Amino acid sequence: MSMTMTQKILADHAELKEVVAGQLIEAKLDVVMANDITGPMALPIFNQMADKVFDKDKVVLVPDHFTPNKDIKSAENSKAIREFSKNQCLTYHMEQGKCGVEHAILPEMGIVVAGECIIGADSHTCTYGALGAFSTGVGTTDIATGMATGQLWFKVPSAIQFVLKGKLPPYVSGKDVILHIIGRIGVDGALYKSMEFVGEGVKELSMDDRFTICNMAIEAGAKNGIFPVDEQTREYMKKHSTKVFKVYEADEDALYDDVIEIDLSKIVPTVAFPHLPGNAHTMDEINENEKIYIDQVVIGSCTNGRLSDLRKAAAILKGKKVADHVRVMVVPATQKIFVQCIQEGLAEIFVEAGCALNTPSCGPCMGGHMGVMAKGEKCVSTTNRNFVGRMGDTESLIYLASPETAAASAIAGYIADPRKEGK
Amino acid sequence: MKANGIVLKYGDNVDTDVIIPARYLNSFDAKELASHAMVDIDPTFVERVNPGDIMVAGKNFGCGSSREHAPLALKTAGVSCVIAKSFARIFYRNSINIGFAILECEEAANDIDEGNQVEIDFDTGKIYNLTKNKEYQAQPFPEFLQKMIQANGLVNYVNEKKG
């Protein structure tokens, strides 16, 4: 046999000994997730297929996009999934004030673990690949089908292998790695493929770095991103979950469409300029050019709203003030992270520096609410997309960056190098 | 099955945020979504589009969010088919699942211009450019997907399978 890690997980879930790239299979699902945008739309479709979800432990509905609800329609949408969760007696009751952003809360609550086959009606569902799971984003009809039957069709993907070596320098993190990779291969560089990360450099990346990297696999067009399971992964799952997990490894003779080596020690702070996540510029280039003054900074989201992200931002903001002309939103991704921010003193650092500290929500990332931009405004954001109009007016500009770069830029008032500002 | 319409042409990486911006996603009413289709990339689209019109675009069409609202908005606005060099995978799945026709054809995507009249034969995958008097061959769907399209989408396919 010669299968990639992703192919092995898919083969097992399709009850097949072997699968090959391009094969169409029907696989059993371990977790089926939707949110307050995709979930309500799925309910009438679900009702055409079933009365009861296939397994009340495996279907999770998370209100996080337009919550706390921004208007009457979004309140109705949240109500629809709340009532459905209650009527179906779903095991996990997700509610604002008790949960957080979907891709942060599912790993944190131990709902997703290694070896699983997971779908979510949100494109960033690929995040859970950090745990060694197959996890991918789908649409509303797919999610309704998953909720009803516990199965879904997939085309088995081929893969690009990323061999990581070395160790990241100070003030450089997972976000810089993935922005560098997307800059290198393009926004469709991994279209329909798996991005499989391997090599001795893996152990140098924290779990939060791995979540960030897998989170943005979709921005290279990938079906999923995936890391092997190591001691750090086991430690994380032991701390967060009681679920039984299974460890898969790629076969030694697995075939890859391409093998790309990434030397982590050579990665520098990287920023994706408008309007594509692949429009990557290194901080060294940026330093040489005219300053790019900004109006807003967002630190948070399913990409970079985890505790270590906020610690890194706080370390730079400590004792400093946000530039007069800049407004900053810090959005911890879950309630637990929010409390940890308070306990560790990060909350005070943010507020003293002049940042708004917001309740967990996807709001600003997709221009939903709580940080929408006006015409001509510029934002440095730790989120995942800088498409036209993504965070507000079609003439506003988004620069994607790490929490370190976002914090440094907040102080400077322009896109700034955390390696300088952090000292 | 056939489609025949006038072409509206766009570039590479047309993302779901411009097809239907998130600020309109507090509704999943198809007509309401259609009334905002393409607004952030082409504010004139909704006025210009006529039932049956065909959208032609470059690579990675529909990249970004998983929102099924995007193909639904285009379908409801009257677009009969999108021809592109390539599609982002979630948009591809979503389109098939709701019975919205999409075709991959690099040659057609390159050669067809805005305003051309185009006819598509979905049974053969042939695309006829009536304005230029040219013919292109699109990639056929795998058999499994053809069955699903014949069943008129995933829901019917699942229900038929259940018997």
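Worth pointing out:
- Subset of region A:338-370 (residues that are away from chain B (no Cβ under 14 Å) and touching a Gly at 6+ places or on another chain (Cβ under 6 Å)): A:360
- Applying the criterion of being more than 9 Å from chain B (Cβ to nearest Cβ) and in contact with a Cys (Cβ under 8 Å, 6 or more places away or on another chain) to the residues of region A:36-82, the residue that is surrounded by the most Cβ atoms within 10 Å (Cβ to Cβ) is A:62.
- Residue list for region B:55-69, filter: more than 9 Å from chain A (Cβ to nearest Cβ) and either touching a Leu at 6+ places or on another chain (Cβ under 8 Å) or at negative phi (or both): B:55, B:56, B:57, B:58, B:61
- Residue A:89 vs. criteria touching a Lys or Arg at 6+ places or on another chain (Cβ under 9 Å), assigned to a helix (DSSP H, G or I) and modelled with pLDDT of 95 or more: no
- Entry remark, region A:184-207: residues being within 14 Å of chain B (Cβ to nearest Cβ) and either at pLDDT below 95 or not in a helix (DSSP H, G or I) (or both) number 10 in total.
- Positions within region A:390-423 being of a type in the set (D, E, K, R) and modelled with pLDDT under 95, in sequence order: A:420, A:421, A:423
- Condition check for residue A:210: basic (Lys, Arg), surrounded by fewer than 24 Cβ atoms within 10 Å (Cβ to Cβ) and either closer than 19 Å to residue A:11 by Cβ or more than 13 Å from chain B (Cβ to nearest Cβ) (or both): no
- Within region B:77-101, being within 13 Å of chain A (Cβ to nearest Cβ) and under 22 Å from residue B:49 (Cα atoms) holds for B:84, B:85, B:87, B:91, B:92, B:94, B:95, B:96, B:98, B:99, B:100.
- Residue list for region A:223-246, restricted to those being away from every other protein chain (no Cβ under 14 Å), of a type outside the set (Ser, Thr, Tyr) and within 14 Å of residue A:130 (Cβ to Cβ): A:226, A:227, A:228, A:229, A:230, A:232, A:234, A:235, A:237, A:240, A:245
- Selected residue (criterion: farthest from the other protein chains (Cβ to nearest Cβ)) from residues of region B:4-37 that are surrounded by fewer than 16 Cβ atoms within 10 Å (Cβ to Cβ) and part of a loop (DSSP other than H, G, I, E, B): B:35
- Test: residue in region B:107-114 that is at pLDDT below 95, outside any strand (DSSP E or B), away from chain A (no Cβ under 13 Å) and surrounded by fewer than 19 Cβ atoms within 10 Å (Cβ to Cβ): no
Residues are listed down the side, and each one gets a yes or a no for (1) surrounded by 24 or more Cβ atoms within 10 Å (Cβ to Cβ); (2) among the β-branched types (Val, Ile, Thr); (3) assigned to a strand (DSSP E or B):
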residue	(1), (2), (3)
A:277	yes, no, no
A:284	no, no, no
A:287	no, no, no
A:290	no, no, no
A:297	yes, yes, yes
A:309	yes, no, no
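- Residue check: residue A:252 meets all listed conditions (1) buried (at least 16 other Cβ atoms within 10 Å of the Cβ); (2) assigned to a loop (DSSP other than H, G, I, E, B) but one, namely (1).
- Restricting region A:382-406 to residues that are more than 14 Å from every other protein chain (Cβ to nearest Cβ) and buried (at least 24 other Cβ atoms within 10 Å of the Cβ) leaves a set whose member that is nearest to the chain's Cα centre (by Cα) is A:382.
- Residues that are part of a strand (DSSP E or B), crowded, with 24+ Cβ neighbours inside 10 Å and more than 14 Å from chain B (Cβ to nearest Cβ) do not occur anywhere in region A:21-30.
- Candidate set from region A:120-151 (those that are polar (S, T, N, Q) and within 12 Å of chain B (Cβ to nearest Cβ)); member that is farthest from residue B:62 (Cα to Cα): A:149
The values are calculated or read from the model by the stated rules, or taken from the named source; none is laboratory data. The structure presented is a predicted model; accordingly, all values stated were derived computationally and were not measured. Don't worry about glycine lacking a Cβ; one is built from the backbone with ideal geometry, like all the others, and counts go over all protein chains shown.
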